[in-house]
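Shown next, in structure tokens, is the structure this report addresses.
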Amino acid sequence: MNEILSSGSAGGSASVKPQLGLGWRVLRAVGIGLGLCAVLVLGKAWMDRPTPRDLCLGNLRQIKQPLNCCIPLEKRLKPGDPIAAKDLADFMRNRVIPKCPSGVDYHIPLVAGGHPTCPYHGDLLAEDEAKSRAAAKRSAHKP
Ligand SMILES: [Zn+2]
């Protein structure tokens, strides 16, 4: 700053300013370039990791499985018959019923054939089933 001020005679400042402006433009271009690279790299890493939604869907699958096959088969239950939370927990890792990554507890109908949903993410199992049904339909249309 001092240099500009000291050379700030009539013509001096005019010859310094365009040079300074070019330097800033180059710096800014490099900065934008680096910023874009960082965004791309971070964005790729972000896309590749499982999202909380994926983890939530995995949990819901893990909960639905014993409600729909294992426990009713083992205890000879009809659809809609009650299931104890303890019996469900027996099928979970460390006997703990998982929570949504967002921190909320799942809505779990403790009955044979129960369909768990997430209060935060919604009915991911139904969405997933609809998606795989659509995919099956698409592949069935192929010759
Ligand atoms: Zn969830």
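The values are calculated or read from the model by the stated rules, or taken from the named source; none is laboratory data. Keep in mind that what you see is a predicted model, and the values were worked out from it rather than measured. Every residue, glycine among them, receives a Cβ derived from its backbone with ideal geometry; neighbour counts consider all protein chains shown.
Quick look at the values:
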{"quantity": "Residue within the stretch 77-98 that is under 21 Å from G122 (Cβ atoms), surrounded by 12 or more Cβ atoms within 10 Å (Cβ to Cβ) and within 16 Å of the ligand (Cβ to nearest atom) present", "calculated": "yes"}
{"quantity": "Subset tally (residues that are under 19 Å from D128 (Cα atoms) and either surrounded by fewer than 13 Cβ atoms within 10 Å (Cβ to Cβ) or modelled with pLDDT under 95 (or both)) for the stretch 55-76", "calculated": "2"}
{"quantity": "Criterion (within 16 Å of the ligand (Cβ to nearest atom) and modelled with pLDDT of 95 or more) met by exactly one of G103, G113", "calculated": "G103"}
{"quantity": "Search result, residues across the stretch 110-143 that are touching a residue at least 12 places away in the same chain (Cβ under 8 Å) and assigned to a loop (DSSP other than H, G, I, E, B)", "calculated": "L110, A112, G113, G114, H115, P116, P119, Y120, H121"}
{"quantity": "Output for the stretch 81-98, where each listed residue is outside any helix (DSSP H, G or I) and either of a type in the set (G, A, S) or within 18 Å of N68 (Cβ to Cβ) (or both)", "calculated": "D81, P82, I83, A84, D90, F91, M92, I97, P98"}
{"quantity": "Condition check for A140: more than 16 Å from the ligand (Cβ to nearest atom) and surrounded by 13 or more Cβ atoms within 10 Å (Cβ to Cβ)", "calculated": "no"}
{"quantity": "Residue check for P101: part of a loop (DSSP other than H, G, I, E, B), buried (at least 17 other Cβ atoms within 10 Å of the Cβ) and free of Cβ contacts under 8 Å to residues at least 60 places away in the same chain", "calculated": "yes"}
{"quantity": "Filtered residue count, the stretch 24-67, keeping only those that are under 30 Å from Y106 (Cβ atoms) and charged (D, E, K, R)", "calculated": "6"}
